[in-house]
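Accompanying notes for the structure given below.
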Amino acid sequence: MASLREQILRRKPATELAEETGADTEGGELKRTISLFQLSLFGIGATIGTGIFIVLTEAVPLSGPAVIFSFMFAGLVAGLTAICYAELASAVPVSGSSYSYAYVTLGEGVAMVVAACLLLEYGVSAAAVAVGWSQYLNELFDNLFGFTIPENLSNAPEQDGIFNVPAVVLILLCMLLLVRGASESAKVNAVMVLIKVGVLILFIAVGLTGWDSDNLDDFSPFGVDGIETAAGIIFFSYIGLDAVSTAGEEVHNPRRNLPLAIIIALITVTSLYVLVALVAVAAQPLADFEDQEAGLSAILEAVTGDEWPATVLAAGAVISIFSVTLVVIYGQTRILFAMARDGMIPPFFHRLNPRTLTPVPATVAVAIVISILAGVLPIDFLAEMTSIGTLVAFLIVSIGVMVLRQTAPDLPRGFRVPLYPITPILSIAGCIWIIKDLRAVTIYVFFGWSAVALLWYFFYGRRNSVLGKAQAGEATP
Amino acid sequence: MTIVVGFAPDGRGRGVLHLSAMLARSAGDDLLVCAVVPAPWPPSPARVDAEYRAWLRGAANEALEQARARLPNDVPAQYVVREARSAPAGLLEVAEEHGAGLVVAGSSGGGVGHVSLGSTTSRLLHSSPIPVALSPRGFRGRPGARVVRVTAAFSEGAHDLVVAAAAVAGQVGASLRLASFAVRSRPPLTAGIGTAPERAVVQQWEQDILAAARATLEEVEHLPTPPAALTAVIGHGESWEEALEDVEWDAGDVLVVGSSSVGPIARVFLGSRSEKIVRHSPVPVVVVPRGAATEMAEQVVAGKE
């Protein structure tokens, strides 16, 4: 039996990853077909929609109009982490989740921690996004039919409700589609990008008519602390930027295009966010943000006194958040699938339905857990948990980049971070900076969750590891 | 056993004749080429439409003459004109009267090289209690062509179909191949997990389906007259068309598809997957109703004991 240290540090050979995913049987490398433009579009599409529709309500009361600096700060950190992530991803021949990258480059123990973070980045964020969706759905129903779902049935217990039914309905709908084998195509993604960017531009254009500089007088009521605290929640709205890195193997000239696409997507997204935030804080007084539902729609309605812009925005949000939820839950099921194949979690998660080629048990299990989270937890907590999970995952990735430069300097990398070691160090510092200002409860829950994951690894993962069994087989034939 | 051939009175559908000849030659069956014309309606003694009906019959007979001229003469064939309320109904009536084991029909318009289901063939598929063979548009068999390989579309629950197909393949001296199709669209890049997890999913599915296929093939090996060779293959693609093209096809190939397990038991009821396989098949397809497959499989097993 290998020692615990050996177990934690054992790494999956990169060639094995390529073999077991069938990369070789299907003609080896994927064709490099993605251009810089498409890649940037992917980055924008993957990023917008996870947060901007819902974070203002949570973030503005913490920082005041200075929230625009929170957006810039969170965006900067997101950009730095995405660039570090790109190097780690490019060191592995096939593209997977950061769990797979960590397993190949940093070892089983780290991979398990990253997986725990990914459960927050995907599972919990799907819950957060679904809660946001329920707010916009209610707004849309209200404007179109003069009907809203009762407060009790559309809010979490902490917000005077019982259970958030629409959020659960959304997740179950996504589950049904995923069980049937649906997946978002490039075309759908392009349409979604148009819708998302379209409604944000609509918000900016219409919202500008309600510009009132008086609202900006007390620009930073809570100072730098407020800005940093808000950045913690706002980081949530930058999740997805890293999706660009996972496309590395299909991109023309990744060395040039990966960082460029990340930067283009980042600048586009940040500009949109900052404009949206600026228009929002100028349009209504600080006090109005607190507990406002379907924030962007509500602001438009207040500004214009007219329902249609709010309705259009709510409709756009309902459509695009639906697609985001679908993609996020999809990602979660496939990450669990990969983990189950590695023996890190029970084989239940890699059982497939032979007709639809989908991991039905995993999909159903994921949907049930996310439904419960979305049904009973408030959105700010879900958003913060997502942020901390993502931040820690990126923190590990950034450290991993530096570790790997020391331990495997000759490993071929499709892309290297510029200005090494400044970039990863800044990335690490940025992550820590944001994490430290999150609410104490978030940090405690996160530590608790990580402890659970490590215990799980200690009692289950390290014994059932497929890699471990293979290595043991080699050692004692 | 007799093979009923649906030949349209308009004389289209040379593919049907080529396919019928190939099947009859392989199985040593005789053909019954049938042209269906509308039955008189309303049933009145006045016979106001006598001339019209005479013309219809004449046209049908002319079509059958064409068929007679085109059908290779090494295959025994009879020719009938049938009056029925619809073409599928007429063909099935004839089949029942003659105790036929198979109905052959052609493709309607559409792309050359694929089976395309028109209103007649669709209805035939949905109401036939016996297997239906469909020729791709423009199908041509060389003189003396025989069935060389039977490919059964394999999925879980296709056990009876495989046994039935294996028995037929064994009788006609063809080999048997099980084909499964993995149709997966590209994973969404926006999920941020890349392509590896989805490939792992497909690979896991491949392992599962190949294990199931091998188990079924082992059973088939012990038939009284086993097929000449047994193989299993998987077609990959982002669409059904790609997945079917991914598998290698040759002259003498016939694809056997089972009807859905959810439809009425005795009849052919194409499931959405079966229908897609049929529509994108580059080779002739035989659609076997579940009831017929089970019956054949039971006979095979009973004969073995």
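Read the figures in this text as sums done on the coordinates, not as results from a lab. Predicted model, so just to flag it, every value in this text is computed and none were measured. Glycine also receives a Cβ, built like all others from the backbone with ideal geometry; neighbour counts cover every protein chain displayed.
If each residue's Cβ is checked for other Cβ atoms within 10 Å, how do A:203, A:163 rank with the fewest at the top?
A:163, A:203
Once every Cα of segment A:279-386 carries one equal point scatterer and solvent is ignored, give the base-10 log of I(q)/I(0) from the Debye formula at q = 0.12, 0.13, 0.14, 0.16 Å⁻¹, two decimals.
-0.62, -0.68, -0.74, -0.85
Quick one: Cα convex hull volume of chain A, Å³ per residue?
141 Å³
For the ranges A:450-462, A:236-248, what's the packing order if you count other beta-carbon atoms within 10 Å of each residue, average per peptide, and put the highest first?
Going from most to least packed, we get A:236-248, A:450-462.
Where does each of B:236, A:252, B:114 land when they are ranked from fewest to most other beta-carbon atoms within 10 angstrom?
A:252, B:236, B:114
Do the sum for chain A: with -39,500 (n - 2.57) for every DSSP H run of n ≥ 4, divided by all residues, what is the mean residue ellipticity at 222 nm, to the nearest 500 deg cm²/dmol?
-22000 deg cm²/dmol
Suppose each label sits 7 Å from its Cα in the direction of the beta carbon; what would the residue B:69-residue B:245 distance come out to in nanometres?
Going by the 7 Å Cα→Cβ label model, 3.7 nm.
Where the only charges are on Cβ atoms (+1 Lys, Arg; -1 Asp, Glu), what is the dipole of segment B:1-145 about its Cα centre, to the nearest 20 debye?
With only Lys, Arg, Asp and Glu charged at Cβ, the dipole is about 440 debye.
Could you give the length gained by full extension between residue A:445 and residue A:348, i.e. 0.36 nm per residue of separation minus their alpha carbon distance, to one decimal place?
32.3 nm
Please average, across the residues of A:93-99, the number of beta carbons from any other chain that are within 10 Å of each residue's own beta carbon, and give a whole number.
Neighbouring Cβ atoms belonging to other protein chains average 5 per residue here.
Mind checking the dipole of segment B:147-305: about its Cα centre, +1 per Lys or Arg Cβ, -1 per Asp or Glu Cβ, Debye to the nearest 20?
Approximately 280 debye in magnitude.
For helix A:52-63, report the angle its Cα long axis makes with the longest principal axis of the Cα atoms of chain A; keep it between 0 and 90° and round to the nearest 10°.
70 degrees
Can you tell me the relative contact order of chain A? Whole percent, Cα pairs under 8 Å, sequence separation 6 or more.
Once normalised by length, the contact order is 32 percent.
Is it possible to state the helix-based mean residue ellipticity at 222 nm for chain B, with each DSSP H run of 4+ residues giving -39500 (n - 2.57), the sum divided by total residues, to the nearest 500 deg cm²/dmol? What is it?
-13000 deg cm²/dmol
Tell me, what is the FRET efficiency for residue A:472 and residue B:238 to the nearest 0.05, using R0 = 35 angstrom and their Cβ-Cβ distance as r?
So, using R0 = 35 Å, E works out to roughly 0.35.
Have a look at the DSSP beta bridges in the protein assembly as shown and tell me what percent are antiparallel, nearest 5.
Beta bridges within the protein assembly as shown, antiparallel portion: roughly 10 percent.
To the nearest 20 Debye, how big is the dipole of the protein assembly as shown about its Cα centre, given +1 on the beta carbon of each Lys and Arg and -1 on that of each Asp and Glu?
2620 debye
Need one number: nm distance between label points at residue A:455 and residue A:208, each 7 Å from Cα along Cα→Cβ, rounded to one decimal.
So the two model labels end up 5.6 nm from each other.
Taking R0 as 22 Å, what's the FRET efficiency between residue B:83 and residue B:119 from their Cβ-Cβ distance, rounded to 0.05?
So the FRET efficiency works out to roughly 0.70.
What list do you get for B:7, A:145 if you sort them by fewest beta carbons within 10 Å?
Going from sparsest to densest Cβ surroundings: A:145, B:7.
Work out, step by step, the length gained on full extension between residue B:214 and residue B:229: first 0.36 nm times the residue separation, then minus their alpha carbon distance; give nm to one decimal.
4.1 nm
Label points 7 Å out from Cα along the Cβ direction at residue A:291 and residue A:160: separation in nm?
0.5 nm
Per residue of segment A:306-314, what does 6.51 cos²θ - 1.76 cosθ + 1.60 with θ = phi - 60° give for ³J(HN,Hα)? Whole Hz please, x for Gly and Pro, Karplus curve as stated.
So the J values, rounded to whole Hz, are 10, 8, 5, x, 5, 5, 4, 5, 5.
Would you please state which residues of segment A:314-334 a label at residue A:376 would reach in this model, taking the label point 7 Å out along Cα→Cβ and a backbone N cut-off of under 20 Å?
What the label zone holds, given the 20 Å backbone N cut-off, is no residue at all.
Of all beta bridges DSSP finds with both residues in chain B, what is the antiparallel percent, to the nearest 5?
5 percent
Per residue of B:201-210, how many C-beta atoms from partner chains lie within 10 Å of its own C-beta, taken as a mean?
6
Assuming R0 = 22 Å, can you tell me the calculated FRET efficiency for the pair residue A:32 and residue A:425, based on Cβ-Cβ distance, to the nearest 0.05?
The value I calculate is 0.10.
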